[in-house]
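A short worksheet on the structure shown next.
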Amino acid sequence: MRNILISFFILILSVVSGFAQKLNRKIIDTKTQKEILYGKCNIDGLKTGEFGDFFKMEYNNYITDSSTLAQLKPMMKKVRIHIVMGSWCGDSQQQVPRFIKLMDMLKYKTRKLDILCIDHFFKAENFEKGNMGIEKVPTFIIYRKNKEIGRIVETPTHSLEKDLLNILKKKERILIGTPSF
């Protein structure tokens, strides 16, 4: 019986460590031969490596619009956000840290953010470009009641706060940002 319990415990530890290893994974990008984030990430992962340098600078320098924040705050309940980004992408290096700062200012639980880092070919583990209609990065997908209500694609039209407010106010799905050609 003791051997069975030990075997079971070892199996559980290996499964848990396998999941932990997949978070904030780094690979060498085949296009640039540089290290990039790949797959599921969290805020801690975004603060490391070359992307971490961009993260700190953009996060610290971004000034949020307090009047828009005040309008947004009560609207953030029951909102889920999925971010698809490339740590190699200039727009992701600029907009993702700013978006995280916006979420922090709104007291949004950033651990609820789903962050997926893709490579130059728009691929990641268990993800391909067509899966979610991702054509440009970063793409911020906003959900309410498990239904997509809008996106901010690549760069905001006005500001991250104002574009997010416009999405949350609308009754129909809205796409904001750089149009696809």
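The residues in region 95-109 that are surrounded by fewer than 17 Cβ atoms within 10 Å (Cβ to Cβ) and on the phi < 0 side of the Ramachandran plot can be counted, and the count is 3. Is it the case that some residue within region 59-70 is of a type in the set (Asp, Glu) and without any contact (Cβ under 8 Å) to a residue 12 or more places away in the chain? No, region 59-70 contains no residue that is of a type in the set (Asp, Glu) and without any contact (Cβ under 8 Å) to a residue 12 or more places away in the chain.
Listed by first and then second residue, the pairs linking a residue in region 80-98 that is more than 19 Å from residue 62 (Cα to Cα) and touching a residue at least 24 places away in the same chain (Cβ under 8 Å) to a residue that is of a type in the set (Gly, Ala, Ser) and in a helix (DSSP H, G or I), with Cβ atoms under 8 Å apart and 6 or more places separating them unless they lie on different chains, are 86/92. For region 89-116, filtering for residues that are outside any helix (DSSP H, G or I) and touching a Cys at 6+ places or on another chain (Cβ under 9 Å) leaves 2. Criterion first (surrounded by 19 or more Cβ atoms within 10 Å (Cβ to Cβ), in a loop (DSSP other than H, G, I, E, B) and touching a helix residue (DSSP H, G or I) at 6+ places or on another chain (Cβ under 8 Å)) does residue 156 satisfy it? Spelling it out, residue 156 is indeed surrounded by 19 or more Cβ atoms within 10 Å (Cβ to Cβ), in a loop (DSSP other than H, G, I, E, B) and touching a helix residue (DSSP H, G or I) at 6+ places or on another chain (Cβ under 8 Å).
Scanning region 46-78 for residues that are closer than 21 Å to residue 137 by Cβ, surrounded by 16 or more Cβ atoms within 10 Å (Cβ to Cβ) and among the hydrophobic types (A, V, I, L, M, F, W, C) returns 46, 51, 54, 55.
None of the figures in this text is laboratory data; all of them are computed from the coordinates on show. Note that the coordinates shown come from a computational prediction; the quantities given were computed from them, not determined experimentally. Note: ideal-geometry Cβ built from the backbone for every residue, glycine included; neighbour counts use all protein chains shown.
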